[in-house]
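Below is one structure, written out as structure tokens, with a few remarks after it.
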Amino acid sequence: MVKRHSPEETKVAMHEVVAEMYDKMVKGEPPSMTLPVRTKNNIGFDSKLGVYKYGKKRSTRDATSLGSAKQLLRTLHVVEFIEQMIDAGKSSTLREMYYISESWGMGKFGTQNDSNNLAEDLEIVTKCLREDFKLRPEEDGARMIGNLTLRERNRRGEWMTINARDDVGDSGYGLPYNVEEEKIELLEHDIDFIMAIETGGMFDRLVENGFDENYRCGLLHLKGQPARSTRRIMKRMSEEWDVPVIVFLDGDPWSFRIFASIAYGAIKTAHISEYLATPSASYLGITSDDIMAYELPSDDLSKKDIEALNAELTDPRFADTWWQDQINMMLDLGLKAEQQSLAKYGLDFVTDTYLPEKLKELGLA
Amino acid sequence: MGIAQKLADNQKQVAISEFFEKNKHFLGFDSLARSLITAVKESVDNSLDACEEARMLPTLRIQINKIDANKDIIEMKTTDNGPGIPQQSVEKVFGQLLFGSRFHAIRQSRGQQGIGITGVVMYSQLTTGRPTHVRSKIATEATASVVDIGLDTRKNKATKSNAAREIWEDENGELVEHGLEVTCRMKAKYQKGRQSVWQYLRMTSIVNPHADITFIDPEGEVHHWPRVTERLPRVVESIKPHPRGIHLGQLQRMCNESQDSRMTVFLRGSFSGVSSRSAKELCEASEISEKTKPKGLKPEQMRSLLEAMQGEKTIAGKPVKLLNPPTNCLSPIEEMLIKKGLSKTIDSRFISTMTRAPTVANGNPYQVEVGLIFGGSMAADKHVEVLRFANRVPLMYQQGGCLLTKAIEAVNWRQYGLEQAGGKGLPKGPAAILVHLASTNVQFTSEAKEALADNAEVMEEARKAIMEMGRGLKKHLQKKKKMAKTQEKFELINDILPAIAEKSAQILDRPVPDLAGSITKIMSAVISETQTTWNKETKMTDVSVVLFNYTSRARSYTILCTWPEKFGATLDNNELGGRKEATGVWAWKLATLDPGERITLSYSLGGLEKGDWTETDVFYRGSQEVIGASKMDEKFLDEIRQQEKALREAGMDIIETRDNESLLDFESDDEPTEVVPDEYDQPTVEAPEGQQTLFGGGN
């Protein structure tokens, strides 16, 4: 189970990682670090939590090759860095940590991604959260518009009450990177469901057409692959307010993965799936049926798209019949389409016809 | 003048230009671009041959100027530092067709492939109406002789004009001691690129590493190919013809000229490879009495003798057994010099060269040499550059139809690391392949002498040699990969691992752990590091091989290293002793290495120049793989031993060290070696239309 750690607990957890390396060397063996395997081959459904988590497979990173040895060294640098931050009461973004690593000599990071991945590795092994490490992401939080009210504690430590319709402009309310209780308190709402939308264009379309008012919902712009904070707030709203979450995305294999990360847990964050996933979320569209039924302007699937779809066929998160059908349908059709292609039938088609029909099927309109 | 005489004169007149027109292609003047290359070639060939015969290191200078771009008139000026030509011989050399020492003897010579400088004089006269200006200085005279040699088209004779003597000073104002300068104009085109004067001279410099060549092109740009060795090519001996390779005309001539009183004496003395017994058997097979005088042989007897020599007439069903001809009539370029020549001209990572032992085909001795140069700045997506040579003369045309190219194409390059579409044709990659055929009788595809004719034996010999190159390349590429891995491991245990130990100890506030055990488990290999470096002070090449045992068990090895024994190097400062394994391969049986232990093997090589030996191949015999060395390939050793044997038999096993050759050791009283002997045999090349010479004069 995921929980927050105190600074002391965090340090102890990190020292265990270091100790594994140290003890090996003392024994006359090459130092190593053991972590769960983080691919789709090692995720399994946890029925108690209703989400996908890492299984028992472990991989060992050891110093027998130059690449892994450097990773171990980097890990040590990161541990040292985090301890320093904890002691100094500061925090840093992942990007800042990447730049700070330039001064670590042989232990510096090659790319930003390497830096992010190592932070995740540490989270997983120590069972701490990024926040415990005082590390913040770069990612943009989502934007929300709708008749829902919450309280945010600003940087001066004061609580501000914000209604996401009356107190915000047309861009809506922007979520901060930390959406935990110490930062955000969910107050009240008058919505029937939350619609999470993939593209900014579609979000703006629905806002302009007043969809949130006409259909009593909260609109949330995911900004593509949603940040942890976005997924976390969706989960909190879904549970604390008991409102359904509908997800409206483009119709392509990558969007399927976006949905999976929202509803089932992302492979990369499977160690904290129960923290971030909203198992009750539903997929609204665009589906292959929609592409065919509405004859939407579409593109051929590229080689990468096809590879992605085939990989999804064996991804445990898409194992149920509905998903298998959807994926196979798309492979057969050979096409993908954007959600904004609905504009073929006019700017208001999506709010006048498409969404109402879909919501009716889901019992929400 | 009678009508007959008039007609005869006219006929002669037509004959010269007609001769030229009809035979432009095989004389090398069929295109404007080619004409210039032919002119350069004849001049350069002469200079190189002259310097070699005089045992001097050649320094050549070739300058091309555009005189009239519209009319394509080019001026060529070539200068060499050779022995020069005595005044009285200049006319003969430049004005007489097929005149020279090159044509008569059976030995490897450049001259087989050209009509000589006379062809250039002819072409120049015919296209510009101007004579060729020759300046020649011999060492024993104070002044140089100058003269203009031309062709009188009406009288069919060489013309001499403006003969004089002058003082010849070089650009520094110093007196030229000896040398030759030829200036002539002709209708020709200067072009750049693959079939150009530049490329011709570049290739010439590769296979004549002892020559210093400077080329000034029409734009004034100076290209300089310095010499990479002071060693002159071997002195070649003429050999007598071998019965298997002779033809009827030659046999007839030899019989007619022979003063011998009996057939057996004639056969033993005038041919190579004929013992007393073989002489008797030849007579028997051809049904000619041993006592017959060769001069008195009848035509059908000569034919019979020829058939016996070719093995068509037999004794008891078997052809007469003959010995192989000697092969000391060949002068290969030599592996190390090819390597030096290539490395000076082409930027690269890896060069491998090989000189095969000489052998015989159809009664003619021949020898194949190959070189492969790889990496550096050559383009990886283009076909490899093919450098073909016959008797040290570059072949620039008809690449596709040449035997040497076919030999390259007949190798499966994909297994050696080069691309080759469909396994056929020329490979692609950042490489150049050199093939040189040295022979007393090179067979060409046509009179134009641009490409070598098909010959199964020569092709196979060349292919085998080229495959060796391929194997070397493959090993080099594998070695590089392995070395990269070894470097990584060294970085790991020398830098990263200690850092991990320190930092983890620091974070946990505990003592730094000892790394010995971890290192052994990480490496779990035996590593060897080899260094081959030139020592400026001792003027020797130092070689050191360090062996590290990073495994958990004791190991014992025999280490073998290659060294250039064939080139006269000496192995010194060899404390560990060892023993000779084969020519150029020395072996040391090392004491057992405990885990974590290392041992250093070192020695020095003398008798070499800087850059002669830059990479040592290290082999091992032992149970555990050694990273950085190759397992001893017993087949490789066998091949070396076989080649050793063949070279010994040819008398070519150890090349003389350079102390034997010295530059310009003439005393001024000595007569310089004449390029032109007073007596000479008639040329073996048949003159066209029954005429021996065109210009009249001489024999």
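The values are calculated or read from the model by the stated rules, or taken from the named source; none is laboratory data. As the structure is a computational prediction, the values presented were derived from the model and not from experiment. Methodologically, a virtual Cβ is constructed for each residue, glycine included, from the backbone with ideal geometry; neighbour enumeration extends over all protein chains shown. SASA here: full protein model, heavy atoms, side chains in, ligands and nucleic acids out. Shrake-Rupley method; radii C 1.70, N 1.55, O 1.52, S 1.80 Å.
Here are some notes:
- Count of the range B:566-591 residues which are within 27 Å of B:Leu647 (Cα to Cα) and either open to solvent by 50 Å² or more (accessible area, probe 1.4 Å) or among the charged types (D, E, K, R) (or both): 7
- Annotation: of all residues in the range B:294-313 being touching a helix residue (DSSP H, G or I) at 6+ places or on another chain (Cβ under 8 Å) and not in a helix (DSSP H, G or I), the one that is most open to solvent (accessible area, probe 1.4 Å) is B:Lys313.
- For first residues located in the range A:340-365 and more than 16 Å from A:Ala293 (Cβ to Cβ), partners that are in a helix (DSSP H, G or I) and open to solvent by 90 Å² or more (accessible area, probe 1.4 Å) and lie 6+ apart or on another chain with Cβ distances below 8 Å form the pairs A:Thr351/A:Asn214.
- Qualifying position, being in contact (Cβ under 8 Å) with a residue 60 or more places away in the chain, β-branched (Val, Ile, Thr) and either within 14 Å of chain A (Cβ to nearest Cβ) or open to solvent by 10 Å² or more (accessible area, probe 1.4 Å) (or both), among B:Thr562, B:Thr558: B:Thr558
- Residues of the range B:331-387 classified as more than 19 Å from B:Ala646 (Cβ to Cβ) and assigned to a strand (DSSP E or B), total: 11
- Evaluating B:Cys329 against the criteria (1) open to solvent by less than 10 Å² (accessible area, probe 1.4 Å); (2) over 21 Å from B:Ser275 (Cα atoms) leaves one unmet condition, (2).
- Long-range neighbours under 6 Å by Cβ, at least six apart or interchain, first residue open to solvent by less than 10 Å² (accessible area, probe 1.4 Å) within the range A:225-237, second charged (D, E, K, R): A:Ala227/A:Glu139
- For A:Ser59, the conditions (1) open to solvent by less than 30 Å² (accessible area, probe 1.4 Å); (2) closer than 22 Å to A:Arg317 by Cβ all hold with the exception of (1).
- Members of the range B:273-291 found to be surrounded by fewer than 19 Cβ atoms within 10 Å (Cβ to Cβ) and either hydroxyl-bearing (Ser, Thr, Tyr) or touching a Cys at 6+ places or on another chain (Cβ under 8 Å) (or both), listed by number: B:Ser275, B:Ser276, B:Ser289, B:Glu290
- Inside the range B:177-233, residues that are out of contact with any strand residue (DSSP E or B) (no Cβ under 7 Å at 6 or more places or on another chain) and either hydroxyl-bearing (Ser, Thr, Tyr) or modelled with pLDDT of 95 or more (or both) make up a count of 2.
- Criterion: at the interface with chain B (Cβ under 7 Å from one of its Cβ atoms) and touching a residue at least 24 places away in the same chain (Cβ under 8 Å) - qualifying residue of A:Ala19, A:Ala63: A:Ala63
- Residue match in the range A:198-217 (condition: touching a strand residue (DSSP E or B) at 6+ places or on another chain (Cβ under 7 Å) and of a type in the set (S, T, N, Q)): no
- Failed item, numbered, when A:Ile262 is tested on (1) within 11 Å of the chain's Cα centre (by Cα); (2) surrounded by fewer than 22 Cβ atoms within 10 Å (Cβ to Cβ): (2)
- Enumerated strands (runs of 3 or more DSSP E) restricted to the range A:15-116, each holding at least 2 residues that are touching a Ser or Thr at 6+ places or on another chain (Cβ under 7 Å): A:32-36, A:51-54, A:58-62
- Test for A:Pro36: is it more than 11 Å from chain B (Cβ to nearest Cβ), modelled with pLDDT under 90 and open to solvent by less than 30 Å² (accessible area, probe 1.4 Å): yes
- The one condition from (1) part of a helix (DSSP H, G or I); (2) among the polar types (S, T, N, Q); (3) buried (at least 21 other Cβ atoms within 10 Å of the Cβ) that A:Asn310 does not meet is (3).
- A:Leu72 falls short on exactly one of the conditions (1) closer than 17 Å to A:Thr126 by Cβ; (2) of a type in the set (A, V, I, L, M); (3) away from every other protein chain (no Cβ under 14 Å), and that condition is (3).
- Among the candidates A:Gly146, A:Gly157, residue that is touching a Gly at 6+ places or on another chain (Cβ under 6 Å), within 30 Å of A:Gly172 (Cα to Cα) and open to solvent by less than 50 Å² (accessible area, probe 1.4 Å): A:Gly146
- Residues of the range B:234-266 classified as touching a strand residue (DSSP E or B) at 6+ places or on another chain (Cβ under 9 Å), outside any helix (DSSP H, G or I) and open to solvent by 30 Å² or more (accessible area, probe 1.4 Å), total: 0
- The range A:295-320 residues that are among the small types (Gly, Ala, Ser), paired with ones that are open to solvent by less than 20 Å² (accessible area, probe 1.4 Å) and outside any loop (DSSP other than H, G, I, E, B) (beta carbon under 6 Å, 6 or more apart): A:Ser298/A:Ile291; A:Ser298/A:Ala337; A:Ala308/A:Pro253
- Test: A:Gly141 is crowded, with 21+ Cβ neighbours inside 10 Å, within 14 Å of chain B (Cβ to nearest Cβ) and either at pLDDT below 90 or under 16 Å from the mean Cα position of the chain (by Cα) (or both): no
- Where a residue in the range B:484-498 is closer than 12 Å to A:Gly67 by Cα and facing chain A (nearest Cβ under 7 Å) and its partner, wherever it lies, is among the charged types (D, E, K, R) and surrounded by 20 or more Cβ atoms within 10 Å (Cβ to Cβ), with Cβ under 7 Å and at least six apart: B:Ile496/A:Lys70
- Any chance B:Lys580 is without any contact (Cβ under 8 Å) to a residue 24 or more places away in the chain and either more than 14 Å from every other protein chain (Cβ to nearest Cβ) or not in a loop (DSSP other than H, G, I, E, B) (or both): yes
- Of A:Asn41, A:Asn113, all but one fail to be open to solvent by 60 Å² or more (accessible area, probe 1.4 Å) and either more than 28 Å from B:Gln487 (Cα to Cα) or among the hydroxyl-bearing types (Ser, Thr, Tyr) (or both); the exception is A:Asn41.
- Filtered by the rule that a residue be out of contact with any strand residue (DSSP E or B) (no Cβ under 8 Å at 6 or more places or on another chain), open to solvent by less than 50 Å² (accessible area, probe 1.4 Å), within 14 Å of chain B (Cβ to nearest Cβ) and not small (Gly, Ala, Ser), the range A:82-110 gives A:Glu83, A:Ile86, A:Trp104.
- Applying the condition of being in contact (Cβ under 8 Å) with a residue 24 or more places away in the chain, outside any strand (DSSP E or B) and among the β-branched types (Val, Ile, Thr) to the range B:501-542 and asking which residue is farthest from the other protein chains (Cβ to nearest Cβ) yields B:Thr538.
- Here B:Val546 meets the list (1) surrounded by 18 or more Cβ atoms within 10 Å (Cβ to Cβ); (2) touching a residue at least 40 places away in the same chain (Cβ under 8 Å); (3) touching a Lys or Arg at 6+ places or on another chain (Cβ under 9 Å) almost entirely, failing just condition (1).
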